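These notes concern the structure reproduced below.
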Amino acid sequence: MLDKIVYFLHVVRTGSFSDAAKQYGISASAGSRWIIELEDNMGVSLLKRSTRKVVPTQAGERLFDRFCHVNTEIDDILVEIKNLGHDNSGIIRIASTPLFAKNFLSRIVGEYLRDYPYVSFRIFETAYEVDHIDEVDFSIRANATYHGYREKDSLLVKRSLLKYPLKVCCSPSYIEQFSSPETPEDLKRHNCLYASTLVGGNKWVFERDGEFTAIDITQTVEIEDSEFLKNVALAGAGIAYLPLNLIRQELEDGRLVPILDDYSNSQFEFSLYFRPRKQMPTRCVNFKEFLLRRVKEISQEE
């Protein structure tokens with residue numbers, strides 16, 4: 001019975017029998033049979049099936065709400081028992097923003113595997129929040145913050161990894177063709193390049209003398225890839241709002257120039273998120289501490 005309920009929880013989270021079956025390690029037909037047997041046993045319909053998605057009925061929602069927390073407790077109990085052997089092995093699942101994955105995570109994972117060869121990693125690159133944090137052990141996200149910024153409420157534990165100033169910049173050729181904006185309001189008349197996951201998407205925030213200005217910029221290029229935006233800016237096609245560490249060399253050699261320097265900009269922050277657990281697996285505890293230490297050391301080398 002418990003196996004069937006846990007599979008039911010997977011179905012609700014994914015909205016799919018087949019996706020839930022893959023996560024649970026059974027066939028889709030076996031999963032469908034389990035749900036039928038669970039519904040027969042309880043005498044009530046738990047799921048509404050359609051050609052597009054599977055959604056819970058009122059009874060299914062109640063079952064999900066009551067058991068999803070119980071399932072987490074069961075996982076923690078099992079982890080606690082496994083940790084008695086202090087076994088630093090198994091899979092660590094990480095969802096990471098692409099910029100961090102490329103510049104930091106790939107190096108850190110490589111170093112970690114030299115010392116702990118029995119650990120495996122499953123890395124998902126995404127600029128967006130993971131819908132179900134239970135599907136990964138850690139999530140690494142990028143956010144742009146500014147004075148007065150309030151992050152939305154979350155039950156997850158957050159550890160800040162790195163912060164860089166965000167700089168508004170463009171190529172000299174862009175200024176020659178379109179002139180340089182003198183105030184944030186001037187950006188409305190320029191080609192602007194942005195990522196929707198930062199600073200509310202197409203809203204850029206500036207501060208001067210204690211006064212904040214939020215500008216809805218012209219949407220010229222939108223992509224969740226800062227490297228892509230930098231290359232478009234280097235080509236002279238628009239103005240970008242990018243973390244300083246990404247464009248430091250280009251600013252030094254003059255291929256990009258800063259603009260609106262009289263204004264204080266937002267901060268670009270990488271943060272580590274994970275759900276609170278009474279017993280985190282040994283492999284995750286060790287990697288988390290290694291990750292936090294190495295990010296700090298690597299950033300000091302820059």
Next item on the list: Any chance you could run the full-extension gain for SER106 through LYS53? It's 0.36 nm times the residue separation minus the Cα-Cα distance, nm to one decimal.
Entry: 15.6 nm
Next item on the list: Mind pulling the angle between the C-alpha long axis of helix 282-301 and the longest principal axis of the chain? Nearest 10 degrees, somewhere in 0 to 90.
Entry: 10
Next item on the list: Grab the Cα-Cα distance for ILE36 and ARG159, subtract it from 0.36 nm times how many residues apart they are, and report the gain in nm with one decimal.
Entry: 40.0 nm
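Taking the Cα centre of the chain as origin, sum charge times position over the Cβ atoms of Lys and Arg (+1) and Asp and Glu (-1), and report the length of that vector in debye to the nearest 20. List each step's numbers first, then the result.
Values: 38 positive and 44 negative charges, 198 e Å.
Using only the charged Cβ atoms, the result is roughly 940 debye.
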Notebook entry, point to check: Pick from LEU162, LEU46, LEU244: which residue has the top mean-square fluctuation in a GNM of the chain where Cα pairs under 10 Å get a spring?
Noted result: LEU46
Notebook entry, point to check: How many nm is it between the label spots at ASN245 and VAL285, if each spot is 7 Å from the Cα in line with the beta carbon?
Noted result: 2.8
Next item on the list: Take peptides 164-173, 15-24, 120-129 and line them up by average Cβ neighbours within 10 Å, highest first, as a rough protection proxy.
Entry: 164-173, 15-24, 120-129
Notebook entry, point to check: Which percent, nearest 5, of DSSP beta bridges in segment 163-266 are antiparallel?
Noted result: 70
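Calculated FRET efficiency, PHE178 and ARG114, Cβ-Cβ r, R0 41 Å, to nearest 0.05? Write down the numbers at each step before the final one.
Numbers: r = 50 Å, r/R0 = 1.21.
Using R0 = 41 Å, I get an efficiency of 0.25.
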Checklist line | Pair ASP186, LEU292: separation of 7 Å Cα→Cβ label points (nm) | finding: 4.4
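What order, most packed first, do the peptides 214-223, 35-44 have when packing is the mean number of other Cβ atoms within 10 Å of each residue?
Working: 214-223: 15.3, 35-44: 13.8.
Going by the mean number of other Cβ atoms within 10 Å, highest first, we get 214-223, 35-44.
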Check: Against the longest alpha carbon principal axis of the chain, how many degrees, from 0 to 90 and to the nearest 10, is the axis of helix 106-115 turned?
Finding: 50
Note to self: How many angstrom lie between the Cα centre of segment 157-198 and the Cα centre of segment 230-302?
What the structure shows: 15
Checklist line | Antiparallel %, DSSP beta bridges [both residues in the chain], to 5 | finding: 65
Item checked: Segment ARG66-ASP209, length gained on full extension (0.36 nm per residue, minus Cα span) -> 46.3 nm
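All of the numbers you see were taken from the coordinates with simple rules; none came from a lab. As the structure is a prediction and not an experimental result, all values here were calculated from the model. With ideal geometry, Cβ positions are generated from the backbone for all residues, glycine too; neighbour counts draw on all protein chains shown.
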